[in-house]
Amino acid sequence: MISITEPSFDESEIEMVRAVLDSNWVTQGPMTEKFEALIAANQKSRYALACTSCTAALHLATMALGLGPGDEVIVPAFTWITSAHAAEYTGAKAVFADIDLETYNIAPAALEAAITPRTRAVVAVHLFGLAAPMDEIRAICAPRGIRIIEDAACAIATTYKGEPVGALGDLACFSFHPRKIVTTGEGGAVTTNDDDLAAAVRSLRNHGATGLPDDGEPRGPWTMASFNRIGYNLRLSDIQAAVGVAQMAKLGRLVAARRASAAYYTEQLHDLNDIVLPLAGDHAGHTFQSYVIRIAEGGRARRNAVMTALAGAEMQTRPGTHAVHRLGYYKDKYRLAAEQYPNAALAEDTTITLPIIPFMAQADQDRVVSELRGALKA
């Protein structure tokens, strides 16, 4: 079986976890702080705050911005579900905008068309490891006071015009799920350059703790934290952070290997008119968290037939992601038509994520290419 992806572990993760276990400090603590410092340095952000998942990170971001009922948050219609859920968690409304079919990221014209007087934020998703068009997004949002949340779940090492994502909006949210380039099993992080937003995220992930009380009583062993807001337990453990620290040490090699595998796929598949390959060339910041192709003709039926053939050859594939407006919660709540965002619908129906594994053997890629060519001819 050729998996769609696998994490890359060696003795370094084991050594870091052993160090945490030997220390007897296993909840959020010094190792988490070390992991956060590595993330902040990599993304060129002032703050990085680790949490339990990217879903948690997105929820923290929307809460830190104070979003709530009556507010609207624009989200690309082709993305993972929690890009939209994070707005709905707060009582705000997720409003969809169609994508650019070449990049799978939000189309600036569609973003601008979706803005209303209630628009408070936009979720700029860097899908599959390719940065969203941040210059255009910022030009649209800044004059209107619309806040930007970067959904960088797939983009720990992605760059935009030479700069790392993660400090290009008000907040950014990262994932360390096993399908991502860096993994902690499950985990996430919020990055920001804003002191107040960082303080809010830090409090919200820790039950709403707001520091020591200022009540005039002398402090001693009896002094406990104050809680002046509602909050959650969304902290990352030092055990998970230890895995992250080891992973960050080899981030450069992991990204280079993924880009090399992506380049090899492109070299072997570029002559096929039946499929559309992911963008390369000028988009040198792409990290290819996923290598996603699109079936040019034949629609969902042909795409499904190709995926079935690859599964029969013991090769895992997945559709790119969801056209979120088609999913029951959003379709029913907002009475959205399945084809209301046509590019997102087409992308859901015709994309295939090919296996891309850290340090993937070319022999395995050759097998994938051969089976894919055969399936396209069927």
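The values are calculated or read from the model by the stated rules, or taken from the named source; none is laboratory data. Worth saying up front: this structure is predicted, and the values here are computed from it rather than measured. Ideal geometry is used to build each Cβ from the backbone, glycine not excepted, and the neighbour counts take in all protein chains shown. Accessible surface areas use protein heavy atoms only, side chains included; no ligands, DNA or RNA. Shrake-Rupley method; radii C 1.70, N 1.55, O 1.52, S 1.80 Å.
Its DSSP H runs of at least 4 residues, each contributing -39,500 (n - 2.57), put the calculated 222 nm mean residue ellipticity of the chain at -12000 deg cm²/dmol, to the nearest 500. Remark on ILE2: its backbone amide H falls under 5 Å from those of MET315, GLN316, a criterion applied only to residues 5 or more positions apart or on other chains, H modelled at 1.01 Å from N.
Please report, as a whole percent, how much of the solvent-accessible surface of the chain comes from carbon and sulfur atoms (probe radius 1.4 Å).
Numbers: 8500 of 16040 Å².
Here it works out to 53 percent.
Give me the Debye-computed log₁₀ of I(q)/I(0) at q = 0.15, 0.18, 0.26 Å⁻¹ for region 264-350, equal point scatterers on Cα only, no solvent, two decimals. The computed values of log10 I(q)/I(0) come out as -0.69, -0.93, -1.33. Per residue, the accessible area of the chain comes to 42 Å², computed with a 1.4 Å probe over protein heavy atoms only.
The trypsin sites (Lys or Arg not before Pro) of region 296-378 meeting both criteria, a DSSP state outside H, G, I, E and B (loop) and at most 13 other C-beta atoms within 10 angstrom of the site's C-beta, are ARG335. The antiparallel fraction among DSSP beta bridges confined to the chain stands at about 60%. Translational diffusion of region 169-224, estimated by Stokes-Einstein from the Kirkwood radius over alpha carbon pairs at 25 °C in a medium of 0.890 mPa s, is 176 µm² per second. If one computes the Cα centroid of region 1-79 and of region 81-137, what distance in Å separates the two points? Centre-to-centre distance over Cα atoms comes out at 21 Å.
Sparse packing (at most 13 other Cβ atoms within 10 Å of the Cβ) combined with a DSSP loop state is found for the following chymotrypsin sites (Phe, Trp or Tyr not before Pro) in region 191-261: TRP222.
Give the residue list of chymotrypsin sites (Phe, Trp or Tyr not before Pro) in region 318-378 that are DSSP loop and have at most 13 other beta-carbon atoms within 10 angstrom.
PHE359
Among rounded, prolate and oblate, which fits the chain when a ≥ b ≥ c are the square roots of the eigenvalues of its C-alpha gyration tensor, a/c under 1.5 means rounded, and a/b larger than b/c means prolate? Cα axes put the chain in the oblate bin.
Of all stretches in the chain that contain no GluC sites (Glu not before Pro) in a DSSP loop with at most 15 other Cβ atoms within 10 Å, the longest one is 103-296.
Kirkwood analysis of region 229-378, using all unique Cα-Cα pairs, places the hydrodynamic radius at 17.8 Å.
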